[in-house]
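Here the structure is laid out as structure tokens; the discussion comes afterwards.
The values are calculated or read from the model by the stated rules, or taken from the named source; none is laboratory data. Predicted model only: the values in this text are computed from it and were never measured. Cβ: placed from backbone, ideal geometry, glycine included. Neighbour counts: every protein chain shown.
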Amino acid sequence: MVKFKVVRLCKEEAMTIVPTTIVRYDLEAAAELLRKAGYSVDDKGVMVTAASGRREVTVYPSGRMVVAGIDGKEEAGQVAEAMYAILEPSKEP
């Protein structure tokens, strides 16, 4: 599992998730995994946006994420853990 830190953005409803180790994801594979997990996915090439309910998560190849539609740091961490678990098979060696 990827270790990360949660960084608050200027507005309360969005936070950035920053991996504390170097990771790299294949976004094409990530998009497919997220679709199979039930997310509405928009693959923009340089990033993938996944939406479910009020939450929206933007995933970058570096493993950085922007999580929106959450109520605080704790919820952002929970969303990140769930996303990293889904994305694990798309991690590049």
Open item on the list: Restricting to region 70-91, and then to whatever is surrounded by fewer than 15 Cβ atoms within 10 Å (Cβ to Cβ) and of a type in the set (A, V, I, L, M, F, W, C), can you tell me which residue is farthest from ARG55 (Cα to Cα)?
Closed with: ALA85
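Report, by residue number, each residue of region 21-42 that is of a type outside the set (A, V, I, L, M) and at pLDDT 95 or above.
ARG24, TYR25, ASP26, GLU28, GLU32, ARG35, LYS36, GLY38, TYR39, SER40, ASP42
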Task: Pair list, Cβ under 7 Å, 6 or more apart: region 60-76 residue farther than 11 Å from MET47 by Cα, other residue surrounded by 15 or more Cβ atoms within 10 Å (Cβ to Cβ) and of a type in the set (Gly, Ala, Ser) - done: VAL67/ALA14; VAL67/ALA76; VAL67/ALA80; ALA68/ALA14; ILE70/ALA76
- [ ] Consider ILE70 carefully, then state whether it is in a loop (DSSP other than H, G, I, E, B) and touching a strand residue (DSSP E or B) at 6+ places or on another chain (Cβ under 7 Å).
- [x] yes
